[in-house]
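Here the structure is laid out as C-alpha cells; the discussion comes afterwards.
Readers should treat all values here as calculations from the given coordinates under stated rules, not as data from a laboratory. Values in this document were obtained by computation on a predicted structure and should not be read as measured data. Virtual Cβ from ideal backbone geometry, glycine too; neighbours counted across all protein chains shown.
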C-alpha cells in the first residue's frame, strides 16, 4: 500500500513539475492597450477562447488610459505589444527603432453628413463646416483632400471650415447639427450611422479613385524586432490567434455576446452597426502588399510632410512582420 501510494505521489509530483516546466516555457505577450479601445474586442476573444494558448503563448492584457501611454510602455519594455497604424510605425523605424508591424484591421473612416443634407458629393461641402477627429494630419482627412483635388480641382482645406476635436466631441456636434459633415474614427462613425447619418464618401472609395489599395491594413499590432528574435515564431503565433478570433467574430453572432458590454453600445442599432463595421474592417489573410503600402506612404509624405512621416519617405525595410 505504501509503495503504491509513494509511486502515485511520485507520479503526481512528476506531472506537476512537467506542467510547471511547460508553463514556464510558454512565452508571454504583454499587450498594452487603450482601456476602452476596440482592439480589446479581439484580444478578449483570443484569451476567452484560448486562441493564445492554442498557438503556444499566453496573452496578458495591460490597459492604459491613452495611446501615448501604451507606446511609452512598449518603448520602455513594460509591454511587448501595442497597437498603432503602420505609418506611425514606419516613422519610428526610420528613426532607428526596431518596431515591426503585424496587420490587424483595415477599418477606415469617411465623411458623414446628416440624413437630410443636400450634399451628394464632396464638392458640395464647399463653404460648409467639417468636424474632424485626429487633427490636421488625420490620414482620412489627408486622403479626402487628395481626392477632392483630383476629382474636382478643389482645395478642401481652403474652401471649408474645419473644426478639430476629440472623437466624442465630433460625434456629439455632428449629431446635434453643429457641423455640416464629420470625419471620425470608424467606431464613432458606426454609431453615427446608426443614428441616421449617411456616408457622403468613404476613405476606401477615395483611395480607389487615387489608385491606392484600400485592402492594405492600416492598424496593427506592434512588437520590437528584438522581442520577436528572442521568441522565434511569436509574430506568426500572434497573427494566427488574431485570425482565429476574427474568424469566430465574423461567422458567429453569438460570439459577440461575450464582448457586448465592452462595446459601449447604448442600443441595439449601435451594437449591430459596430459589429457590421468591425467585420468590414477584417483584412484578407496574408502579408501586407508592400508595393501598395509604399504608394500610400509616399502620398502621406507628400500631403503630411515630415510632421506626419518623419524620415520615412519610402517604406523602411523590415517594417512588416514575416507572416503567412
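Counting helices only, and only those DSSP H runs with n ≥ 4, report the 222 nm mean residue ellipticity of the chain as the sum of -39,500 (n - 2.57) divided by its residues, in deg cm²/dmol to the nearest 500.
Using -39500 (n - 2.57) per qualifying helix, the result is -14500 deg cm²/dmol.
Starting from the 7 Å offset along Cα-to-Cβ, what nm value, one decimal, do you get for the label separation of residue 28 and residue 58?
About 0.6 nm separates the two model spin labels.
Computed FRET efficiency, Cβ-Cβ of residue 208 and residue 314, R0 35 Å: what is it to the nearest 0.05?
Calculated transfer efficiency: 0.95.
Per q in 0.14, 0.17 Å⁻¹, report the Debye log10 I(q)/I(0) for segment 208-320, using one uniform scatterer on each alpha carbon and no solvent.
Listed by q, the Debye log ratios stand at -0.82, -1.04.
What is the Cα convex hull volume of segment 49-142 when expressed per residue in Å³?
180 Å³
Given the options 266, 202, 117, state which has the largest fluctuation in a GNM of the chain using a 10 Å cut-off (strictly under) for Cα springs.
Its mean-square fluctuation being the largest, the pick is 266.
Please determine, in degrees from 0 to 90 and to the nearest 10, the orientation of helix 290-309 with respect to the longest principal axis defined by the Cα atoms of the chain, where the helix direction is its Cα long axis.
Once rounded, one gets 60 degrees.
What angle, in degrees between 0 and 90 and rounded to the nearest 10, separates the Cα long axis of helix 139-152 from the longest principal axis of the Cα atoms of the chain?
40 degrees
Quick one: work out the % antiparallel among DSSP beta bridges in the chain, nearest 5.
50 percent
Which shape class applies to segment 110-209: rounded if a/c is under 1.5, otherwise prolate when a/b exceeds b/c and oblate if not, where a ≥ b ≥ c are the square roots of the Cα gyration tensor eigenvalues?
Since a/c stays below 1.5, the shape of segment 110-209 is classed as rounded.
Tally the DSSP beta bridges in segment 110-209 and give the antiparallel ones as a percent, rounded to 5.
45 percent
Who wins for biggest fluctuation among 162, 150, 298 in a Gaussian network model of the chain, springs between alpha carbons below 10 Å?
Greatest mean-square fluctuation among the candidates belongs to 150.
Take segment 234-295, drop everything but the C-alpha atoms, weight them equally and run the Debye formula without solvent; then report log10 I(q)/I(0) at 0.18, 0.21, 0.22, 0.23 Å⁻¹ to two decimals.
For the requested q values the scattering log ratios are -0.77, -0.91, -0.95, -1.00.
Can you give the extra length, in nm with one decimal, that the chain gains between residue 173 and residue 152 once fully stretched, where that is 0.36 nm per residue apart less the Cα-Cα distance?
4.8 nm
Counting only the backbone N, which residues of segment 137-179 are under 15 Å from the spot 7 Å out from the Cα of residue 36 toward its beta-carbon?
Those under the cut-off are 166-173.
Calculate the spin-label point distance for residue 267 paired with residue 116, positioning each point 7 Å from the Cα along the beta-carbon direction, and give it in nanometres.
1.7 nm
Hey, of (i) 0.97; (ii) 1.17; (iii) 1.06, which did the structure itself give for Rg/Rh (Cα atoms, Kirkwood Rh) when calculated?
From the options (i) 0.97; (ii) 1.17; (iii) 1.06, the structure gives (iii).
Pick from 44, 184, 264: which residue has the top mean-square fluctuation in a GNM of the chain where Cα pairs under 10 Å get a spring?
Among 44, 184, 264, the largest GNM mean-square fluctuation belongs to 264.
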